[in-house]
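Beneath this line is the structure, given in structure tokens, with notes to follow.
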Amino acid sequence: MLFKHEGEESAFLLKCPECDGEIEIPDDVISGEIVSCPDCGMDYEVEVTQEGEIRLKPAEIEGEDWGE
Ligand SMILES: [Zn+2]
């Protein structure tokens, strides 16, 4: 699950539920952190489960222009 690169910041990739793009997640991510998809620009809130699984849920950002 982790993609470690020597000398680089540790991160891994999750698939964007919206567009299937790859979202880079730092491996020291914490629940509630907001990440955005580089492809579609969607913001997600990171949720770390008790099992250590990482899930993405759409972030609710008030006043954001969703580009409709
Ligand atoms: Zn996306």
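The values are calculated or read from the model by the stated rules, or taken from the named source; none is laboratory data. Owing to the predicted nature of the structure, the values given are computational and were not obtained by experimental measurement. Neighbour counts are summed over all protein chains in view; Cβ atoms, including those assigned to glycine, are modelled from backbone coordinates with ideal geometry.
Quick look at the values:
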| item | result |
| --- | --- |
| Candidate set from region 25-37 (those that are more than 12 Å from residue 56 (Cβ to Cβ) and acidic (Asp, Glu)); member that is nearest to the ligand (Cβ to nearest atom) | 27 |
| Matching residues, region 14-44, being in contact with a Ser or Thr (Cβ under 8 Å, 6 or more places away or on another chain) and either of a type outside the set (A, V, I, L, M, F, W, C) or in a loop (DSSP other than H, G, I, E, B) (or both) | 26, 27, 28, 42, 43, 44 |
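Here's the yes/no breakdown for (1) on the phi > 0 side of the Ramachandran plot; (2) modelled with pLDDT of 75 or more; (3) under 13 Å from the mean Cα position of the chain (by Cα); (4) away from the ligand (no atom under 16 Å from the Cβ):
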residue: 9; (1), (2), (3), (4): no, no, no, yes
residue: 15; (1), (2), (3), (4): no, yes, yes, no
residue: 40; (1), (2), (3), (4): no, yes, yes, no
residue: 43; (1), (2), (3), (4): no, yes, yes, no
residue: 55; (1), (2), (3), (4): no, yes, yes, no
residue: 66; (1), (2), (3), (4): no, no, no, no
